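*Asks:* After the structure tokens below, expect a handful of questions from me.
The values are calculated or read from the model by the stated rules, or taken from the named source; none is laboratory data. Computed from a prediction, not measured in an experiment: that's the story for all the values here. Note that each Cβ is placed from the backbone with ideal geometry, even for glycine, and that neighbours are counted across all protein chains shown. Side chains included, ligands, DNA and RNA excluded: accessible areas come from the protein's heavy atoms. Shrake-Rupley method; radii C 1.70, N 1.55, O 1.52, S 1.80 Å.
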Amino acid sequence: MEDIAQSREISVELKGKILGLMFFEPSTRTRISFETAMKRLNGRCIGFTSSGSSSVSKGESIADTAKMFEGYSDALVIRHELEGVSKFISDIVDVPVINAGDGAGQHPTQTLLDLYTIKNEIGSIDNLKIALIGDLKFGRTVHSLSNALSLFNNVKIYMVSPPELKMPQEILHDLNMTNVEYVETDNIEDVIDDVDVLYVTRIQKERFLDINDYLKIKGAYIVNKKMLEGKDVIVMHPLPRIDEIDGDVDDTKYNKYFKQAANAVPVRMAILKTLIKNNPK
């Protein structure tokens with residue numbers, strides 16, 4: 001993919017700029033892709049990878065930590081286990097703030113790379129039929145993606161989840177307000193012949209207060225090669241994958257989740273260039 005190849009080249013567009021990575025919650029792909037994107041643009045990164053490795057563990061407030069990072073950085077990337085923290089920080093600092101995932105809330109930059117992947121693989125987002133599968137209650141990626149899909153024409157969303165993990169009412173309300181057609185079901189087989197994309201998510205163990213509630217629905221949906229054969233569909237996943245996509249899908253034409261992960265670098269390069277170059281600091 002031309003954009004991916006270009007993203008491997010070093011640009012000097014953000015030379016001398018510093019990106020502050022404030023990851024209060026663990027992350028692999030999001031953190032590393034932001035770091036890679038900044039380095040490809042000849043910028044540098046500072047930051048921490050968990051609350052335990054910051055002074056928050058000593059009792060420092062999130063506000064004080066953010067103000068300190070503001071003094072050192074040209075933009076901040078925030079991941080936190082609580083919804084709304086990125087918005088809170090954006091209200092108290094004067095540098096761009098990027099939400100890299102706030103609890104079970106939103107994950108907007110993941111959605112941008114998801115849309116980029118769909119556009120590259122299918123050719124258009126208009127008239128898309130997509131199944132969102134798995135943890136729709138706590139899955140911030142599907143919350144952001146659902147909202148973004150409402151901006152396109154004639155999109156139909158199939159929401160496949162256990163009853164305990166259905167899409168939150170506030171997301172459904174937003175879709176109703178924009179007249180997006182959606183269908184809720186607990187059975188993949190009901191929709192697999194009708195969709196262009198299977199967007200699979202893991203059941204998020206860390207969001208459950210009672211481990212027994214998690215164990216009851218763990219492994220509720222597993223996509224494998226046999227169920228995909230003969231279908232005109234692509235399979236996406238924000239990762240990490242646990243057991244919801246069988247390994248036998250990896251070497252098939254249906255697998256787009258590793259390309260999806262790689263697409264994070266050019267998309268986040270574009271985000272950083274836009275925000276940092278246009279910021280007067």
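Yes or no, residue by residue, for (1) at pLDDT 95 or above; (2) open to solvent by less than 40 Å² (accessible area, probe 1.4 Å):
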position: 204; (1), (2): no, yes
position: 209; (1), (2): no, no
position: 215; (1), (2): no, no
position: 221; (1), (2): no, yes
position: 253; (1), (2): yes, no
position: 259; (1), (2): yes, no
position: 266; (1), (2): yes, yes
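*Asks:* While we're here: Are there any strands (runs of 3 or more DSSP E) wholly within the stretch 34-145 with 1 or more residues that are polar (S, T, N, Q) and crowded, with 18+ Cβ neighbours inside 10 Å, and if so which?
*Replies:* 97-102
*Asks:* Now, a different point. Condition first: at pLDDT 95 or above, of a type in the set (Asp, Glu) and over 29 Å from residue 146 (Cα atoms). Can you find one or more residues in the stretch 71-93 that meet it?
*Replies:* Checking the stretch 71-93: at least one residue is at pLDDT 95 or above, of a type in the set (Asp, Glu) and over 29 Å from residue 146 (Cα atoms).
*Asks:* Moving on. Filter the stretch 1-58 down to the residues that are of a type in the set (A, V, I, L, M) and at pLDDT 85 or above and list them by number.
*Replies:* Answer for the stretch 1-58, where residues must be of a type in the set (A, V, I, L, M) and at pLDDT 85 or above: 14, 18, 19, 21, 22, 32, 37, 38, 41, 46.
*Asks:* If I ask for residues that are out of contact with any His (no Cβ under 8 Å at 6 or more places or on another chain) and either over 26 Å from residue 112 (Cα atoms) or buried (at least 22 other Cβ atoms within 10 Å of the Cβ) (or both), which ones from the stretch 236-245 would you list?
*Replies:* As a first pass, look at the stretch 236-245 and keep what is out of contact with any His (no Cβ under 8 Å at 6 or more places or on another chain): 236-237, 239-243.
Passing the criteria: 236, 237.
*Asks:* Sticking with this one: Here is a list of conditions, (1) at pLDDT below 95; (2) closer than 25 Å to residue 255 by Cβ; (3) out of contact with any Lys or Arg (no Cβ under 9 Å at 6 or more places or on another chain); (4) part of a loop (DSSP other than H, G, I, E, B), and residue 189 meets all of them except one; can you say which number that is?
*Replies:* Tallying (1) at pLDDT below 95; (2) closer than 25 Å to residue 255 by Cβ; (3) out of contact with any Lys or Arg (no Cβ under 9 Å at 6 or more places or on another chain); (4) part of a loop (DSSP other than H, G, I, E, B), residue 189 fails exactly one: (4).
*Asks:* Moving on to the next point. Just the residues that are closer than 16 Å to residue 162 by Cα and open to solvent by 70 Å² or more (accessible area, probe 1.4 Å), please, taken from the stretch 172-194.
*Replies:* 184, 186, 189, 190
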